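The values are calculated or read from the model by the stated rules, or taken from the named source; none is laboratory data. All figures in this text were calculated on a predicted structure; none of them were measured in a lab. So basically every Cβ, Gly included, is an ideal-geometry build from the backbone, and we count neighbours across all protein chains shown. Keep in mind that these areas ignore ligands, DNA and RNA; they rest on the heavy atoms of the full protein, side chains included. Shrake-Rupley method; radii C 1.70, N 1.55, O 1.52, S 1.80 Å.
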Amino acid sequence: MSVYLFGTPGPRPFAGHFRSPAAGADRARGALPGDRLSWAGRLWPLATTELAWTAALAARAALESLLPEGTAPEGTPEEVLTQAWLCLYGMEARWHRDRDLCVLFALPVEGGTLLSGCGIQQVFAAEQGQLRPILSDGHPLISPPGLPEGPVVAQVPQVGDFYALGDRSAMPRGRLSRACGIPPSAP
């Protein structure tokens, strides 16, 4: 299971984007457990290319500290999600000043998947090449960008990969992988 965030319209659709390491190839080699936390997000998308890249690297590094290579997160699923949020809250304050963070976390649990996020307009599952919305109108995960006062966690059915429409994102046209910035050769 992976999480993807659609790009932002404009000349730099993936400025400030970060996501968890690709799960497919690593899991196939037995390097990652099946109950792995996945995420995709965006920070500082309207900054210069260099600042957006630096912000994305800072967020990814903070979150990757949660998952030493080849290990499963420790604790209950709720504790794992809390640890992920604490990684983002623990980043330097300058990365949060614009309140433009969009992120979606997904963690498989018995009977489905726990989702948590901010700056999300909708979450989709892909079925036979078509996107199907997962969240109902007014769902608490549909929220403005920026670190929330208290993160929202919701359990949804397991659907494979999740695709998030973040604040300022655009609905994809064409291949889903391209709309998420995934090169054709990636898993």
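When the residues of the stretch 153-170 are filtered to those that are over 13 Å from the mean Cα position of the chain (by Cα), in a loop (DSSP other than H, G, I, E, B) and over 7 Å from Phe6 (Cβ atoms), the one that is modelled with the lowest pLDDT is Arg168.
For first residues located in the stretch 84-97 and under 13 Å from Leu66 (Cα atoms), partners that are open to solvent by less than 20 Å² (accessible area, probe 1.4 Å) and of a type in the set (Asp, Glu) and lie 6+ apart or on another chain with Cβ distances below 9 Å do not occur. If you go through the stretch 98-116 and keep only what is touching a residue at least 60 places away in the same chain (Cβ under 8 Å), open to solvent by less than 10 Å² (accessible area, probe 1.4 Å) and of a type outside the set (A, V, I, L, M), you end up with Cys102, Phe105, Thr113. Scanning the stretch 126-159 for residues being buried (at least 16 other Cβ atoms within 10 Å of the Cβ) and in contact (Cβ under 8 Å) with a residue 40 or more places away in the chain gives a total of 9.
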